[in-house]
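For reference, the structure discussed in these notes is given below.
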Amino acid sequence: PRAAIFLPLSDRFPMKKGLHGGPPGGPRATIRAQIWKKNEEGRPLKPDVLIKMPGGGEEQSEVVIVDSKVSLVAYSRYVNTKSSEEKEEHLQQHLLSIRNHITNLSEKRYETAEGLLTVDYVMLFMGIESALITAMDEDPSLQDLAIEKNVVLVSQSMLLPALRSVAYLWRRHSQIEN
């Protein structure tokens, strides 16, 4: 399953498949465990990870949605191809795949999901760091498109600091409440 890509992060942050929550003062996250929601149009939504933010009580806490469903098939072909013409073709397919996924994530309208109070962006997680770096080097306008569509492009090295920030917020929230 796609959510398995997040399991290496569970060494540093408590995100186990099918579990909600985490240690006191740590980030509350759920790796997809049959999390099915619908947006206001009735369109089904299946987020990979929900990271619960502190504050607002159990029902009112905002969540950050992390999606990892971007296809890296074209990137894999790009890396494994010797021919420069084929490499260029696969690279362009990789960029198109990312662009399309950014647009599709935006069109899902997670912010209208029933029973979820979400922040105003979705994190698009790319499990292969070099796939994101290559894309950003080749087409820096991807970042502009993502920002315009309320999508944040992240790799493992970018997601870890974000999770650490959430953990810090939870610790501060716990200290204030106690």
Need the full-extension length gain, GLU107 to GLU86, defined as separation in residues times 0.36 nm minus the C-alpha distance. One decimal, nm. 4.4 nm
Heavy atoms of the protein only, probe of 1.4 Å, neighbouring chains included. What is the accessible area of VAL152 in Å², nearest 10? 50
Calculate the FRET efficiency for SER141 and GLU177 from the Cβ-Cβ distance with a Förster distance of 41 Å, rounded to the nearest 0.05. 0.40
At 1.4 Å probe size, with no ligands or nucleic acids counted, give the accessible surface of MET53 in Å², nearest ten. 40
Of ASN104, SER157, SER174, which is farthest along the charge dipole of segment 65-174 in the positive direction, counting Lys and Arg as +1 and Asp and Glu as -1 at C-beta? SER174
Return the whole-Å distance between the Cα centroid of segment 71-97 and the Cα centroid of segment 109-178. 25
Accessible-area ranking of HIS101, HIS94, HIS173, largest first, probe 1.4 Å: HIS173, HIS101, HIS94
Using Cα-Cα distances under 8 Å and only pairs 6 or more residues apart, what relative contact order does segment 66-178 have, in percent? 26
What does the charge dipole of segment 37-108 about its Cα centre add up to, to the nearest 20 debye, if the Cβ of each Lys and Arg holds +1 and the Cβ of each Asp and Glu holds -1? 200
Once ligands and nucleic acids are excluded and a 1.4 Å probe is used, how much of GLU177 is accessible, expressed in Å² to the nearest 10? 130
Local electrostatic count at THR112 - Lys and Arg +1, Asp and Glu -1, tallied over other residues with Cβ under 13 Å: -1
Label-point separation in nm, ARG164 to VAL79, each point 7 Å along Cα→Cβ: 2.5
Determine the gain in length on full extension of the stretch GLU148-TRP36; use 0.36 nm per residue of separation and subtract their C-alpha separation, reporting nm with one decimal. 37.7 nm
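The values are calculated or read from the model by the stated rules, or taken from the named source; none is laboratory data. Given the structure is predicted, the values throughout are model-derived calculations rather than measurements. We place every Cβ from the backbone using ideal geometry, glycine too, and count neighbours over all the protein chains shown. Accessible surface areas use protein heavy atoms only, side chains included; no ligands, DNA or RNA. Shrake-Rupley method; radii C 1.70, N 1.55, O 1.52, S 1.80 Å.
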